[in-house]
Amino acid sequence: MSAQQAQLLCVVGSCLPTMGEAGSLMRIEKSSLSGLVQRAELAGLVERERDGGDGRTQRLKLTAHGNVCAKAFKAAVVHDLCQILETLSEDDKTSLSTILPQIVAARDTRQWAAAPLPDAGHDEAALDRAG
């Protein structure tokens, strides 16, 4: 699974976004997202369904297989992070526990989004080779 596919599974699993919402959350262009979603559909990870309130709008939804993959990915990330945290000194762990809430608070208030990020989807083939 590529990094962008994993990101897509996390985004779709958290909120049933429209294509536009998914693109905004992932910070990728519509054309890059369309290809990513098509590949995820072919792999049986996501599906599109009509929005109940607006039949013109499609929402992305994890399939049963996509849900299993998303949970496995999240478990692997948690496992890796726990292994990394075990290598920290007690002082570093204390510092991290102080600063992480500040990072989360800044993320929640979207202070981090002030400067646009480069389009992560512009060279997906390079991402696939790297990861």
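Bear in mind these aren't lab numbers, they're just calculated from the coordinates by the rules spelled out. Being a predicted model, the structure only gives us computed values, none of them experimental. All Cβ positions, even for glycine, are placed from backbone atoms using ideal geometry, and neighbour counts span all protein chains on display.
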Taking region 44-62 and keeping only residues that are part of a loop (DSSP other than H, G, I, E, B) and either under 11 Å from Gly13 (Cβ atoms) or of a type outside the set (Ser, Thr, Tyr) (or both), one is left with Gly44, Leu45, Asp51, Gly52, Gly53, Asp54, Gly55, Arg56
Hey, can you tell me all the residues within region 63-93 that are over 14 Å from Cys10 (Cα atoms) and surrounded by 11 or more Cβ atoms within 10 Å (Cβ to Cβ)? Leu85, Leu88, Asp92, Lys93
Given the conditions (1) under 14 Å from Ser2 (Cα atoms); (2) within 14 Å of the chain's Cα centre (by Cα), report the number of the one that Val46 does not fulfil. (1)
Reported set for region 11-24 where residues are in a helix (DSSP H, G or I) and surrounded by fewer than 17 Cβ atoms within 10 Å (Cβ to Cβ) is Ser14, Cys15, Met19, Gly20, Glu21, Ser24
